[in-house]
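Q: Pasting a structure here, questions to come.
A short reminder: the numbers here are calculations on the coordinates, not readings from a lab. Predicted, not measured: the structure shown is a model, and the values here were computed from it. Cβ coordinates were reconstructed from backbone atoms using ideal geometry, including for glycine residues, and neighbour counts include every protein chain displayed.
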């Protein structure tokens, strides 16, 4: 066998793109906490719900501000 260097058919993504993709996959497939078990697990669930609500609210406000800036 000869030692041939095989190159990918398309360019490899940058390290930043790969990190973003891995983060998105981690968030997408990570199981959400459940409101059961010990008090620590319940507080983790409450933190998860509160954090999610704040994140979605901030995203909505940012999109609203962007659309408002584009319209006016």
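Q: Gain in length, residue 19 to residue 44, computed as 0.36 nm per residue apart minus the alpha-carbon separation, to one decimal in nm?
A: Fully extending the segment from residue 19 to residue 44 adds 6.4 nm.
Q: Among 40-47, 58-65, how do they line up from the highest to the lowest mean number of other beta-carbon atoms within 10 Å?
A: 40-47, 58-65
Q: Which FRET efficiency value, to the nearest 0.05, is calculated for residue 27 and residue 71 with the Förster distance at 25 angstrom and r the Cβ-Cβ distance?
A: Rounded to the nearest 0.05, the efficiency is 0.20.
Q: While we're here: Can you tell me the order of 27-33, 51-57 when each peptide is scored by its average per-residue count of other Cβ atoms within 10 angstrom, highest first?
A: Top of the packing list down: 51-57, 27-33.
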